[in-house]
Amino acid sequence: MAQTCTGDCLKCSFQQQTYCSAQRTYGIMENQKAIVAILERLEARLVAFSAPAEIVEEKAPVAPGADTKGEVKNP
């Protein structure tokens, strides 16, 4: 007869606890592989940002009316 897991391992037999532990460990190992793969992809993308690149400095265009110098005009 199959039991539904309640998450309270103390209610189960030692054999069942051992089985569940093995299954959970296997699941964690599979998740770890996926997590490591994601981290490796992220690392590759971050390395591209840290590579020295040519810095281009441009001054912002000065548009008329952009600087009010604290003056408030009423329409």
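No value in this document is a laboratory result; all are computed from the given coordinates. Only a predicted model underlies this, so the values are computations on that prediction, with no experimental measurement involved. So basically every Cβ, Gly included, is an ideal-geometry build from the backbone, and we count neighbours across all protein chains shown.
How would you rank Glu57, Glu40, going from fewest to most other Cβ atoms within 10 Å of each one's own Cβ? Before the final figure, lay out the partial values.
On the way: Glu57 4, Glu40 10.
So the residues, fewest neighbours to most, are Glu57, Glu40.
How would the range 11-50 be classified by its alpha-carbon gyration tensor: rounded, prolate or oblate, with rounded meaning a/c under 1.5 and the a/b versus b/c comparison settling the rest?
Working: a/c = 8.87, a/b = 5.86, b/c = 1.51.
Prolate, because a/c is 1.5 or more and a/b exceeds b/c.
Arrange the following residues from fewest to most other Cβ atoms within 10 Å of their Cβ: Lys11, Lys59.
Numbers: Lys11 11, Lys59 5.
Lowest count first: Lys59, Lys11.
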